[in-house]
Structures are given as C-alpha cells and as structure tokens.
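Reading through the structure tokens given below for one structure.
The values are calculated or read from the model by the stated rules, or taken from the named source; none is laboratory data. Since this is a predicted model, take the numbers as computed values, not measurements. For neighbour counting, all protein chains shown are included, and Cβ atoms are generated from backbone atoms with ideal geometry for every residue, glycine included. Surface areas here come from the heavy atoms of the whole protein model, side chains and all, with no ligands, DNA or RNA. Shrake-Rupley method; radii C 1.70, N 1.55, O 1.52, S 1.80 Å.
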Amino acid sequence: MEAQCLPAALALVAGGGAGLSPEKRAALGLSLPLLQRDYRFERVWFWGCIQGVRGAYYIAEGFGPNRAAHRRRLYSFNCLDWSLLTPATREMVARAQLLTGRFQGDPSFEYNFAEINAEAAELLFDRGTEPVMKEEARLIATIELIDKAVGIVPRGAFVKTPLGSVCENRHFEGLSLVEAKKLSSYFHFTEPVNLKNKTLLEKADLDPSTDFLDSLEHDIPQGSWSVQLEKGGAVVVLRSLLWLGLTFYHVPMTKQYGYIYFGTGEKNLDLPFML
C-alpha cells in the first residue's frame, strides 16, 4: 500500500489483525518519504512485515515510471534504517522453496540443507554448489514468491501503453460494488501466465490496454481467496488462504486500494486438503 495513505489504509485492513504500533507508524511516516527522495523512486509502497523468531523484517518497495519494470525492495528492523535488497534470481527462488520453518530474524543466519532437506543437499552437491543459503537470500525469494502469487490490483487501475510500458490509469475511479465482489475484477500484478494460453476467441472480448494481466478467478486451488465486505459494506477485503497474512482492500467507487502482508513468510501447503 502507498506510503501517503498508510494510516488510513491500515485502519481498513485492521479487521484481519494486521497493524503497526504508533511508534512504527510514526517512523514509517518519516522514513518512507526520505526513501523516495534518496533513491529517486516515483512511488514507494509499504509492502508489509515478515515476522521471525528473534525479530521482524519490515519491507518497502520502490517503483519507477514503468510499474511493470523491476521493483526495488528494501528491508528494515526499526522502520527507520533501510537496507537495499538485491533482485531475486531463479536459483534463489528455487532454493527458498526447499526450505521450511520460520525465519530467524537475522539476515546473516545460514540454513544448511544437509540438516533440513537431505535430498536437496545431495542435489546441490551434484550441481557443484554449496548446500547453504543465507536468510537474506531467503527473504528476497519469499517476497518475490508472495508478490507473484498474491500481489493484486483492481481491473483498470493500470493500463498498458502501445510501447509496452505499464502506468497508472488516471481515469480509474474504482470498481462498482457489484464488480468489486467478483474475483474476475482483480488481476495479479506480475507477468501473465494464463493469458498466453487463451484462445483467440477468448481474447476477442478483452481490452488489450486493461486486460493484460491474469485474473484471480482461475487461481489454483479454487477457493484460495476469501472475499468479504467490511465497515458496513463500504470496503471490500480479499484475504489469501495460500499465503496467510496477505490482505487486499478496495473502497468501491474510489481510487483507494492496496495490499499488505503481515505473516511468517510460510506458504500454506495444506490448503488443498482444507478446502
């Protein structure tokens, strides 16, 4: 969610238990504008918090003019001092998916695959790589996985230009209440996968400027999203059951929307058996 409307946005998602202390809110109010100035971001979003055993990682994301381009991520322990994270690589993401259990809260902590996953350790040995992963690398990969799986935006909030860049739609005035309750009205804010597999007949009904992302209605497993009306029906809230702690909100007929993550950074692998 955007740094400028963070206090109001946190109040809208508070029904799920997500929240920050007054001290942390004040610290973010001071540090995020400075972050935007120092790194010359066009927009800064407060992404959320991954809770570890001995500490919590507070995450922020910075965007340039092209919203579809690589976003830069930073983490902090006190919401004042921020450290830049390197971009996620495929190897990083693949290794992180082999790890289970809580984060420790120490970026320098090393996970030894030989102690956690013997098969994975043997595979890494065969490839000639050391079966060790630092927690900072796991943090980078986990943020990437969560963003790709459950980072969402309302339909029409962004448009794709003829040159291929993605920018905010200045004419977006929010979804109607009827549309806001449908999963098909929300898109994954990442590179589309299912869209490429659609037939020409299915693509004929799509607007290429707004329907260039994958919608939530075909997410696997079915039922991985909870849609609720809160604040007397004034706010539509979506919660991910796959990545517990991810909450998205949208106030119908307004430009207010965003998502935030407050969790342990662990994927709910038992979801298919719970539905």
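Ignoring ligands, DNA and RNA, what percent of the 1.4 Å accessible area of the stretch 44-118 is carbon and sulfur? Carbon-and-sulfur percentage of accessible area, whole number: 51. Between residue 168 and residue 30, the contour length at 0.36 nm per residue exceeds the alpha carbon distance by 47.2 nm.
Taking the Cβ of residue 79 as the center, what net charge do the other residues with Cβ under 11 Å away carry, scoring Lys and Arg +1 and Asp and Glu -1? If you can, show how the numbers build up before the last one.
Working: positive: 24, 25; negative: 23, 81.
With Lys, Arg at +1 and Asp, Glu at -1, the neighbours total 0.
Report the local net charge at residue 108: Lys and Arg +1, Asp and Glu -1, summed over other residues whose C-beta lies under 9 Å from its C-beta.
Numbers: positive: 134; negative: 106, 110, 135, 136.
Residues near residue 108 contribute -3 overall.
Kindly state, to the nearest 0.05, the FRET efficiency for residue 21 paired with residue 129, given R0 = 35 Å and r defined as their beta-carbon distance.
0.30
Using the Cβ-Cβ distance between residue 161 and residue 89 with R0 = 41 Å, the FRET efficiency computed as 1/(1 + (r/R0)^6) comes to roughly 0.90. Taken per residue, the accessible surface of the chain reaches 52 Å², heavy atoms only and a 1.4 Å probe.
The radius of gyration of the Cα set in the chain, together with its Dmax, comes out at 19.1, 58 angstrom. Surface calculation, 1.4 Å probe, protein heavy atoms: residue 184 sits at approximately 40 Å² accessible.
For the pair residue 181 and residue 8, the difference between a 0.36 nm per residue extended length and the Cα-Cα distance amounts to 60.1 nm. Sorting 231, 182 by accessible area puts them as 231, 182; the probe is 1.4 Å, largest comes first, and only protein heavy atoms count. Net charge in the neighbourhood of residue 168 (other residues with Cβ under 13 Å of its Cβ; Lys, Arg +1, Asp, Glu -1) is +2. Take the residue pairs 182/255; 24/231; 148/267; 198/267 and return only those whose Cα atoms are more than 19 Å apart. From 182/255; 24/231; 148/267; 198/267, over 19 Å: 24/231; 198/267. Charge dipole of the chain (Cα centre as origin; +1 on each Lys and Arg Cβ, -1 on each Asp and Glu Cβ, all else neutral): 720 debye, rounded to the nearest 20. Subtracting the Cα-Cα distance of residue 100 and residue 42 from 0.36 nm times their residue separation leaves 17.3 nm of extension gain.
To the nearest 0.05, what FRET efficiency results for residue 229 and residue 108 with a Förster distance of 51 Å applied to their C-beta separation?
Values: r = 44 Å, r/R0 = 0.87.
After rounding to 0.05, the efficiency reads 0.70.
Helix 135-150 and the longest principal axis of the Cα set of the chain meet at an angle near 30°.
Extending 7 Å from the Cα toward the beta-carbon at both residue 222 and residue 69 defines two label points whose distance is 4.1 nm. Relative to the 2.2 N^0.38 Å rule of thumb, the stretch 221-275 has a C-alpha radius of gyration ratio of 1.24.
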